[in-house]
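Read through the structure below, which is laid out as structure tokens, and then see the notes.
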Ligand code: AP5
């Protein structure tokens, strides 16, 4: 099963992607995590992406499609994948669809997370993430140990107020049109209410995928 998670920054794609992937026994692949690891490791890809990411802008489509090509030409996603934040422009959606078709595969569901702007700003302002495994936390200060891997929690550069505003704007202008594109192209698109207890939202996501 290949699932694309769509939703604004802070909607919980990372949090839920991990849980849904665990339940389905397939990997979660997040372009944001791949790019942050590249920035941390100082690779050429990371150096090219850093400026875009710090400002909250999108990195070029060609970079994202290159990452997806690597993923789908390796055994990583042989049984499927939860794609978190992978499709953020219509050209990315078209490119991914084309690439998968060449492999005889397709996206099964576009799962859209609905959260109000006020909730998003609140969530991102209070977020820390593990600098090693990238797990997001709420209500834990930078410097705290990650409960999952023992790494150190840090604030993301793009969780500064100015970057958050830009990311929300970029989402509305460049990513929201992907939802219309998916409807217009006959894809299965399901919206879920992504506000509430984390476990309840995972249940809603699983129901949407199995329905
Ligand atoms: P990325 O890392 O994907 O960032 P994002 O889309 O902005 O999403 P976030 O990680 O901020 O939020 P999330 O929805 O995963 O929420 P989370 O689970 O953390 O991308 C970063 C950058 O990389 C982009 O800006 C761009 O530059 C680049 N990039 C990546 N992919 C790209 C692409 N395809 N094309 C071009 N550029 C790309 O939750 C947020 C917080 O809320 C956490 O603290 C969490 O603990 C908390 N929380 C979660 N659920 C709940 C709940 N139910 N109630 C209360 N709190 C909750």
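In the chain, inverting the average of 1/r over every pair of distinct C-alpha atoms gives 17.5 Å as the Kirkwood radius.
On alpha carbon coordinates alone, what is the Rg over Rh value for segment 51-171, Rh being the Kirkwood radius? List each step's numbers first, then the result.
On the way: Rg = 16.5 Å, Rh = 16.5 Å.
Taking Rg over the Kirkwood Rh, I get 1.00.
Ranked by Cβ crowding within 10 angstrom, fewest neighbours first, how are 118, 203 ordered? It would help to have the intermediate numbers written out before the result.
Numbers: 118 8, 203 13.
Going from least to most buried by this count: 118, 203.
When only Cα pairs below 8 angstrom with a gap of at least 6 residues are kept, segment 36-117 shows a relative contact order of 18 percent.
The alpha carbon centroids of segment 134-162 and segment 1-25 are separated by 19 Å.
We did not get these values from a lab; they are worked out from the coordinates using the rules stated. In this text the structure is predicted, and so the values were computed from the model without any measurement. Note that each Cβ is placed from the backbone with ideal geometry, even for glycine, and that neighbours are counted across all protein chains shown.
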